[in-house]
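Worksheet: one structure, shown below.
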Number of protein chains: 2
Amino acid sequence: MPKEKEVTIYDIASALNISIATVSRALKNDPVVSKRTKKKIFDLAAKMGYRTNHFARNLRNQTTNTIGIIVHELSSNFITSVLAGVEKVTTEAGYDLIIAHSSESFSKEIANAKNLFDKRVDGLIASLSFDTKNLDHYKPFKEKNVPVIFFDRVEQDGKNTVVVIDNDKCGYQATEHLIQQGCKRIVHITSSLKRNVYAQRFNGYKEALSENGIPYDENLLIVHDLSESAAIESAMQMLKMNPLPDGVFITNDFVAAVVMRTLKENNIKIPEDMAIVGFNNDAICTLVEPALSTINYPGIDVGEVAARNLVNHLKGIGNIQNTNTIIIRSNLIIRNSSLKSEIIEKGKKKLN
Amino acid sequence: MPKEKEVTIYDIASALNISIATVSRALKNDPVVSKRTKKKIFDLAAKMGYRTNHFARNLRNQTTNTIGIIVHELSSNFITSVLAGVEKVTTEAGYDLIIAHSSESFSKEIANAKNLFDKRVDGLIASLSFDTKNLDHYKPFKEKNVPVIFFDRVEQDGKNTVVVIDNDKCGYQATEHLIQQGCKRIVHITSSLKRNVYAQRFNGYKEALSENGIPYDENLLIVHDLSESAAIESAMQMLKMNPLPDGVFITNDFVAAVVMRTLKENNIKIPEDMAIVGFNNDAICTLVEPALSTINYPGIDVGEVAARNLVNHLKGIGNIQNTNTIIIRSNLIIRNSSLKSEIIEKGKKKLN
DNA sequence: AAAAAAATTGTAAACGGTTACATTTTCAAA
DNA sequence: TTTGAAAATGTAACCGTTTACAATTTTTTT
């Protein structure tokens, strides 16, 4: 299976008896080339099946035309939609995308960063893994002036450009909503509080409690990873509480769905006995029963905004150095898993 | 923000007062270089922050070290797990991966194929979009001897290497199971019968019916796309049937979940009134109520096998020319959405 | 110690583009 | 027709590797 020889600008040039410089310029649509020769060149290029050699071009241009993205998992609804948003923008802008995932491991994230650095991506978009301890592995990018934008799981030390939502507010809104539904003992199931997103949602949760005169009870905080087994455990933990909680704010829809299932299996009525609010607004929300209230966290927007800012920076339009934090709109979506008040209303009606 | 100059083998060579040839060889760990000089070179390279220029290398080597993959959607559970499988193998083997998605559009698939061809991927993995009419856009790859492996949605004309499951058998098993549960009027909700996967599952469905003496009724066949709205429509269509069906085999878990929700909203009891079997074994299956019976279609295995075969072919181990069809194991998973017989048993017990 | 063989290193030509600078062609103005 | 500027094209160096082949150094053999 010998590789066929590729057509190069040399072949086109000699076939037309012109110089490679003209061919090169024509193929880039340089206005300096006359329309006549341009047409000849384009036609022949098409006929001969010419394809530009990106390696030769990039070698000469000292640019890779590639953007890297580091995520913690592919099998997450949120991440997938971020990727879709990023892909849309980068493709439009003519960049290649290299996707790397860390499987929530610090060491893999470091390896990925090193790999993308060695591949010389023009820019990087990254979300931190679960147990990422520091950002040293992104230093080489800074040193070589390769722009990096973080999203979702980030380090908000003001030194980096980050695309996030107002997690504080989201945590606040979710909790406040549960309180408004009459919940008094509200559990919060979340993940490592070392990660900004979870820490901030937790803060919002505490603020909402305190502003509504409910004392924070640390026994109602459950910290776990985001796996199915952890979710089941969390639910069992809730069931052992005495008195039972009457509401729960969960930092992830999948976990929320599993918790809800487990609670129902144990004869808890949702939302009557316990109201539930999840996070992300995955497709799953409207498929479980009752439908899951949640925070709408539009991954596609996150991806688009992050990619757009990076691309603009690379093209010299705008500069991410000036931008520290970009906050994406998010909002609470109320569905039946937390709608106690209607039930209360119904109950009242029955009494009449 | 001037780009810092990169360290090249020239820099290392002149610093050590040796030739670039030796440096180049040392960095590739060529045994011809003495251990002493090798060590000097490695040490200095590390100290100077040398990174190999992949463009120069690929230009010289006439190889891209890149594999392309064309899928129809990113936001599909199945596709994501295929990607995970592919990614695992290609990364291990040292290949880059370029992911392109067609959003189920023929023209986009053509554009993606052209793009990946122009990027000169060493090999291609592809699943056809919904309305792909022909495979002409893959011809350039064949002509240049670039290996292509198709998976899931494929053209089984014997001309291509494909990785699939036995969709016939799956359709048969799903339907047979419903029949065993006592279903007599079994609806089949699927997608375009022009695509092999759906056509074959449909075949299996018909075979199971006929072998069990149930005449095929074309009114029970519903063909739609795989969107939520289409799923709702399909369910409404079922509800209008007279007499009502008592079972349904659906070609996709998400659609099955939406159908089930819609049926339940219309006071249909699952599985008592209608038993449901989906397809894929997405995470969603155990989160809906009742849990969804389904066909387990392990995307990660599909991805791994496809990538492994491609990589081996590229490395000269094995040859996909000799392999036409690779069939991945799949199996029926029975959950409560189709378990009528237990109910029947319970009913009998009550009578006693 | 000289000669031959083996091990190591070096030279220089690719790979296929881009582009500064030089040269030629074209065409309007003098 | 000559001149000069503008338009078009050409020349050649460069981007950073790899590798055939040549040259040198080291080791072994005689």
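Just so you know, all these numbers are worked out from the coordinates, no wet-lab data involved. These numbers come from a predicted model, not from an experiment. Here the Cβ positions follow ideal geometry from the backbone for every residue, glycine too, while neighbour counts run over all protein chains shown.
Work out the charge dipole of region A:9-52 with +1 on the Cβ of Lys and Arg and -1 on the Cβ of Asp and Glu about the Cα centre, then indicate which of A:VAL23, A:TYR50, A:SER34 is farthest towards its positive end.
Comparing the listed Cα positions along the dipole, A:SER34 ranks first.
Taking only Cα atoms, what is the 0 to 90° angle, nearest 10, from helix A:299-315's long axis to the longest principal axis of chain A?
The angle comes out at about 30 degrees.
I need the calculated FRET efficiency for the pair B:MET236 and B:ILE20, taking r as the beta carbon distance and R₀ as 60 Å, to the nearest 0.05.
Values: r = 72 Å, r/R0 = 1.20.
In this case the efficiency is close to 0.25.
I'd like to know how region A:9-52 sits against the 2.2 N^0.38 Å rule of thumb: what's its Cα Rg over that expected value?
Working: Rg = 9.0 Å, N = 44, 2.2 N^0.38 = 9.3 Å.
This ratio for region A:9-52 stands at 0.97.
Could you give, in nm with one decimal, how far B:ILE18 is from each other copy of that position, shortest first, with labels 7 Å out from Cα toward Cβ?
4.8
From the mean inverse distance of alpha carbon pairs (Kirkwood) and the Cα radius of gyration, derive Rg over Rh for chain B.
Working: Rg = 26.6 Å, Rh = 23.2 Å.
Rg/Rh: 1.15.
Shortest first, in nm, what separates the label point of B:LYS5 from those of the same position in the other copies (7 Å along Cα→Cβ)?
So the distances to the same position in the other copies read 3.7 nm.
Among the lysines, select those whose C-alpha is under 20 Å from the C-alpha of B:LYS340, and discard any that sit fewer than 8 residues away in the same chain.
Reachable lysines: B:LYS184, B:LYS264, B:LYS269, B:LYS348, B:LYS349, B:LYS350.
Please label the shape of region A:1-146 as rounded, prolate or oblate, based on the square roots a ≥ b ≥ c of the eigenvalues of the alpha-carbon gyration tensor (a/c under 1.5 means rounded; beyond that, a/b larger than b/c means prolate, else oblate). Numbers along the way, then the final one.
Details: a/c = 2.81, a/b = 2.60, b/c = 1.08.
Note, shape of region A:1-146 comes out prolate.
Work out the length of the dipole vector of region B:231-333 about its Cα centre, built from +1 on the beta-carbon of each Lys and Arg and -1 on the beta-carbon of each Asp and Glu, and round it to the nearest 20 debye. Could the numbers behind the result be given before it?
Numbers: 7 positive and 10 negative charges, 71 e Å.
The dipole magnitude comes to about 340 debye.
Can you give me the C-alpha center-to-center distance between region B:49-119 and region A:224-260, rounded to a whole angstrom?
39 Å
Where a ≥ b ≥ c are the square roots of the eigenvalues of the C-alpha gyration tensor, would you call region A:156-262 rounded, which needs a/c under 1.5, or, failing that, prolate if a/b is larger than b/c, or oblate? Intermediate results must be reported in sequence, preceding the final value.
Values: a/c = 2.04, a/b = 1.26, b/c = 1.62.
It comes out oblate by the Cα gyration axes.
Nm distances between the label at B:PRO140 and the same-position labels in the remaining copies, 7 Å along Cα→Cβ, shortest first?
For B:PRO140, the other copies' label points sit at 3.3 nm, shortest first.
Quick one: Cα convex hull volume of region B:126-180, Å³ per residue? Don't skip to the end; give the middle numbers.
Numbers: hull volume 4.8 nm³, N = 55.
About 88 Å³ per residue, rounded to a whole number.
First check a/c for region A:68-136, with a ≥ b ≥ c the square roots of the eigenvalues of its C-alpha gyration tensor; if it is under 1.5, answer rounded, and if not, answer prolate when a/b is larger than b/c or oblate otherwise.
Values: a/c = 2.51, a/b = 1.29, b/c = 1.95.
Because a/c hits 1.5 or more and a/b fails to exceed b/c, region A:68-136 counts as oblate.
Could you size up the charge dipole of the protein assembly as shown around its Cα centre, putting +1 on the beta carbon of Lys and Arg and -1 on that of Asp and Glu, and report it in debye to the nearest 20? Display every interim value, and only then the final one.
On the way: 88 positive and 80 negative charges, 523 e Å.
Here the protein assembly as shown has a charge dipole of around 2520 debye.
With 10 angstrom as the radius, rank B:THR251, A:THR90 by how many other C-beta atoms surround their C-beta, starting from the fewest. Intermediate values should be presented prior to the final figure.
Values: B:THR251 28, A:THR90 24.
By the 10 Å Cβ count, ascending, the order reads A:THR90, B:THR251.
Averaged across B:45-57, how many Cβ atoms of other chains sit within 10 Å of each residue's Cβ atom?
On the way: counts 0, 0, 0, 0, 4, 1, 7, 3, 7, 7, 13, 4, 2.
Rounded to a whole number, the mean comes out at 4.
Give the relative contact order (percent, whole number) for region B:168-238; include only Cα pairs under 8 Å separated by 6+ residues. Before the final figure, lay out the partial values.
Details: 82 pairs, mean separation 27.6, N = 71.
Across region B:168-238, relative contact order equals 39 percent.
Over 38 Å, how big is the tail of the calculated P(r) for the protein assembly as shown, in percent of all Cα pairs? Please report the intermediate quantities before stating the final value.
Numbers: 114506 of 247456 pairs.
The calculated P(r) of the protein assembly as shown puts 46 percent of pairs beyond 38 Å.
In percent, what relative contact order does chain B have, based on Cα pairs under 8 Å that are 6 or more apart in sequence? Could the numbers behind the result be given before it?
Details: 616 pairs, mean separation 59.0, N = 352.
Contact order relative to length: 17 percent.
Can you give the relative contact order of region A:9-52 as a percent, counting alpha carbon pairs under 8 Å and 6+ residues apart? Spell out each step's value before the answer.
Working: 28 pairs, mean separation 13.9, N = 44.
It rounds to 32 percent for region A:9-52.
When we measure straight from the Cα of A:LYS206, which aspartates and glutamates land under 19 angstrom away, once same-chain ones fewer than 8 places off are left out?
Partners found: A:ASP166, A:ASP168, A:GLU176, A:ASP217, A:GLU218, A:ASP246.
Whole-Hz ³J(HN,Hα) for each residue in region A:73-90, computed from phi via Karplus 6.51 cos²θ - 1.76 cosθ + 1.60 with θ = phi - 60°, x for glycine and proline: what do you get?
7, 8, 8, 10, 3, 4, 4, 4, 6, 4, 4, 4, x, 4, 4, 4, 5, 5
Treat each spin label as a single point 7 Å out from the Cα along the C-beta direction, and report the B:ASN266 to B:LEU221 distance in nm.
2.1 nm
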